[in-house]
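Below you'll find the structure, written out as structure tokens, and then a few comments.
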Amino acid sequence: MADRPAYAIKAEIRDAQAQHFTFAAQKTMYGGRHIAPGDIVFLFASENEGGAGLVARGVVTAAEATPRRPGLARQTPRVGIAVRRTAMAGHRLGRAELRPFTDWADGRPETELNFKFYRQATNKIVGLSDATAAFLDGFFRPARPAM
């Protein structure tokens, strides 16, 4: 993986073929609030919204923290991001594939994803370990060399 941190977002994605995505005021957990321009992000189309899980990989082109609402003591940090798609997923990875991975201490990338995305099934941006980012990279076809 690159020297930059990697993230994943689970959100409503209406057009997985789009070149650019914008996600406003997304809930963040597990370090997701640190997402910044230049970071790699894996896009999961939320099954809660009719999606099928992992659909694309991209690069964050803009990130801006959403201001907290005054008067609320406990607020989940939210961030708006813009993403340029760099690759489409080659095969499926969603809730059904991750459901069996429930031994939270086993250190497997599948378990990390199941825990972060589906234990609390809300849409969100999450930070990823290097091992999980490398695992997710395996779902994308290598770029074809220019001729």
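The values are calculated or read from the model by the stated rules, or taken from the named source; none is laboratory data. No experiment lies behind these values; they were computed from the predicted model shown. As a convention, Cβ positions derive from the backbone with ideal geometry for all residues, glycine included, and neighbour counts pool all protein chains shown.
A compact table of results
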| read-out | value |
| --- | --- |
| All positions within the stretch 70-98 that are loosely packed, with under 15 Cβ neighbours inside 10 Å and in contact (Cβ under 8 Å) with a residue 60 or more places away in the chain | Arg84 |
| Subset of the stretch 117-136 (residues that are at pLDDT 95 or above and part of a helix (DSSP H, G or I)) | Asp130, Ala131, Thr132, Ala133, Ala134, Phe135, Leu136 |
| Of all residues making up the stretch 32-91, the number that are touching an Asp or Glu at 6+ places or on another chain (Cβ under 9 Å), small (Gly, Ala, Ser) and within 19 Å of Thr122 (Cα to Cα) | 6 |
| Residue in the stretch 49-58 that is farthest from Phe140 (Cα to Cα), counting only those that are without any contact (Cβ under 8 Å) to a residue 60 or more places away in the chain and under 11 Å from the mean Cα position of the chain (by Cα) | Gly53 |
| Residues within the stretch 14-31 that are under 14 Å from Lys124 (Cβ atoms) and hydrophobic (A, V, I, L, M, F, W, C), tallied | 4 |
| Qualifying residue in the stretch 18-40 (condition: surrounded by fewer than 21 Cβ atoms within 10 Å (Cβ to Cβ), at pLDDT below 95 and touching a Leu at 6+ places or on another chain (Cβ under 8 Å)) | no |
| The stretch 2-15 - residue that is buried (at least 16 other Cβ atoms within 10 Å of the Cβ) and part of a loop (DSSP other than H, G, I, E, B) and, of those, modelled with the highest pLDDT | Ile13 |
| Residue, nearest to Gly31 (Cα to Cα), within the stretch 99-130, restricted to residues that are of a type in the set (A, V, I, L, M) and in contact (Cβ under 8 Å) with a residue 24 or more places away in the chain | Val126 |
| Test: residue in the stretch 24-42 that is closer than 24 Å to Ala134 by Cβ, assigned to a helix (DSSP H, G or I), within 11 Å of the chain's Cα centre (by Cα) and in contact (Cβ under 8 Å) with a residue 12 or more places away in the chain | yes |
| Residue count, the stretch 60-109 (criterion: among the basic types (Lys, Arg) and assigned to a strand (DSSP E or B)) | 3 |
